[in-house]
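One structure is given below, encoded as structure tokens.
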Amino acid sequence: MKIIEFTRCNHRKAHRVEADICNLLDSGGYMADIRIVCDDCGMPFRFLGLPSGVSTTIPMRGAFMGVEACLPIEPIDIDGPVPENTLKAIKDTWAESAERRKREWKL
Ligand SMILES: [Zn+2]
């Protein structure tokens, strides 16, 4: 077995988020499978605070070293129409968060 040498990377410069959205045919629901890696060296991050295993209703982390979060999701209009100003507020909040991260992290 080949053991990969760990780099001296501190994993703090840049990160890449990979996500797959799965349509659950049995329940009609959705699942977001999320992975995060250090963009400099490729080291995967593991998710903390989630139980290990598989569930279509509870957030879990994949059994293999916890490097994948499996999150049940649904569109927010599942219970009815969402007011346009609510959607705008959500998008504005995302944009503000992105700007704050750029400023604070000097990206
Ligand atoms: Zn790294």
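Exactly one residue out of 41, 70 is in contact (Cβ under 8 Å) with a residue 24 or more places away in the chain, surrounded by 13 or more Cβ atoms within 10 Å (Cβ to Cβ) and either within 16 Å of the ligand (Cβ to nearest atom) or more than 16 Å from the chain's Cα centre (by Cα) (or both), and it is 41.
Only one of the numbered conditions (1) more than 13 Å from the ligand (Cβ to nearest atom); (2) at pLDDT 95 or above; (3) of a type in the set (Phe, Trp, Tyr) is violated by residue 64, and that is (2). In this structure, is residue 75 away from the ligand (no atom under 16 Å from the Cβ) and more than 18 Å from the chain's Cα centre (by Cα)? Against the criterion (away from the ligand (no atom under 16 Å from the Cβ) and more than 18 Å from the chain's Cα centre (by Cα)), residue 75 does not qualify. Across region 57-97, the number of residues qualifying as outside any loop (DSSP other than H, G, I, E, B) and more than 19 Å from residue 34 (Cα to Cα) comes to 13.
The values are calculated or read from the model by the stated rules, or taken from the named source; none is laboratory data. Values in this document were obtained by computation on a predicted structure and should not be read as measured data. Ideal geometry is used to build each Cβ from the backbone, glycine not excepted, and the neighbour counts take in all protein chains shown.
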